[in-house]
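The values are calculated or read from the model by the stated rules, or taken from the named source; none is laboratory data. No experiment lies behind these values; they were computed from the predicted model shown. Every residue, glycine as well, gets a Cβ built from its backbone with ideal geometry; the counts of neighbours run over all protein chains shown.
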Amino acid sequence: MRFYCLISLVGIAVMVTAAAAEPGRRYDLVARASAIDKAAGEHPEIGFSFIDPKTDKPADLEHAVVDTSVPSQGRLVIWLMAHNAALFDRIAGYGLHGIQVHYANRWYGTLAPEIRDSGDVLGKMRLEAATGEDFSPLVSIPKPDSMRERARQFLLWLDRENPAGNWAQFLTDDRSDLRWGKVTLAGISHGSTTAARFAMHQAVDRVVMFSGPRDNTETWQGGPSATAFNRFFGFTHVLDTGWTRDHYCRSWQLLRLNEYGPLVNVEQTPPPYGNSRRLMSDCDMGGDSRRAHSGVIPGGNACKDAEGNYLHEPVWRYLFMHPADQVGMAVSPDTDCEMTPH
């Protein structure tokens, strides 16, 4: 297999690592958001920049993957957190296209607790960061720095640089927006919460929520949704503080996910997990809640068997691939879940 790499002579503007332009190959592509779109900007007021001040390396790298040797599902996954190579391996293996975009999402840590927890702040800020529209008076995130526009610009670049990947199928005919009905939004923690908030605003094909959503001081999760609730899939670990503090059970019930099946322990129930949307694990995390928070996605904190294989391979496939119209039996809300904002 032959590989090539394109590197700008002025910094690392664009990098591509991909199989040679032949049918039936895996492509991994990397580019800088600032090189793709000259309108993209930095936001020092929220610690959002193109260069990592600790390493002096580019911080605005965006990643994409597609494997044209796998039958295409015609769906695009947008990952809303830092690039996860192991997760992208699986996305490509399922026949999905995947991108991770660098957008202005560093605002959370800039908020004073009394503002952050006031009850009507986080959802609006998430929508502004995702759309570039004026939803919040506390931040000013223009369209070029939003998730929506950076995803569009990345797809335009991918269509030019990797025509074999057929990225144009995810753009509207006039290329002014994404075909959101072909998009899965996915993330973990902060990313899964923004994915859920955006999906309630814009209809998408699916939402995959690892360790989320949170925003436990707000009630936007209980509002109307442009995306049908059977298209929201969640997976968390019981040791995560989001469980011990009732954040996840509350968000899932506000999203009406109990109408599509009970809480399912994936260590006790085989696929398809009763067709539920509410999956949880109690695999051994050594009592570490931080590991439990990140251990629901592929990576060093994920649970493995004695041979070193990931325990949750069937779970990850289910979350991304299970038919959305196959749902579990509705159950009553969990009476031991604290539903008041807290």
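Going by the conditions given, is Trp220 at pLDDT 95 or above, outside the structural domain of Ser276 (by TED's automatic domain parsing) and touching a helix residue (DSSP H, G or I) at 6+ places or on another chain (Cβ under 8 Å)?
no
Could you tell me how many of the residues in the stretch 62-92 are farther than 19 Å from Lys182 by Cβ, in contact (Cβ under 8 Å) with a residue 24 or more places away in the chain and either part of a loop (DSSP other than H, G, I, E, B) or β-branched (Val, Ile, Thr) (or both)?
3
Condition check ((1) modelled with pLDDT under 95; (2) surrounded by 22 or more Cβ atoms within 10 Å (Cβ to Cβ); (3) under 20 Å from Ala203 (Cα atoms)) across all residues:
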position	(1), (2), (3)
Ala228	no, no, yes
Arg231	no, no, yes
His247	no, yes, no
Arg250	no, yes, no
Leu257	no, yes, yes
Pro262	no, no, no
Gln268	no, no, no
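Within the stretch 21-61, track down each residue that is outside any strand (DSSP E or B), touching a residue at least 24 places away in the same chain (Cβ under 8 Å) and within 14 Å of Ala104 (Cα to Cα).
Within the stretch 21-61, Ala33, Ser34, Ala39, Ala40, Gly41, Glu45, Ile46, Gly47, Ala59, Asp60 meet the criteria.
Among Val204, Val183, which is the only one that is under 13 Å from Ala130 (Cβ atoms), free of Cβ contacts under 8 Å to residues at least 60 places away in the same chain and touching a Phe, Trp or Tyr at 6+ places or on another chain (Cβ under 8 Å)? Step through it out loud before you land on a result.
Working: Val183 fails: free of Cβ contacts under 8 Å to residues at least 60 places away in the same chain.
None of the others qualify; the one that does is Val204.
If Phe135 meets every condition in (1) among the aromatic types (Phe, Trp, Tyr); (2) assigned to a helix (DSSP H, G or I); (3) out of contact with any strand residue (DSSP E or B) (no Cβ under 7 Å at 6 or more places or on another chain) apart from one, which number is that one?
So Phe135 meets the others, but not (2).
Go through Ile51, Ile91 for me and flag whichever is touching a strand residue (DSSP E or B) at 6+ places or on another chain (Cβ under 7 Å) and more than 25 Å from Gln202 (Cα to Cα).
One residue alone meets the criteria, Ile51.
Scan the stretch 279-316 for residues that are touching a residue at least 12 places away in the same chain (Cβ under 8 Å) and either outside the structural domain of Gln253 (by TED's automatic domain parsing) or in a strand (DSSP E or B) (or both) and report the count.
Residues meeting the conditions: 4.
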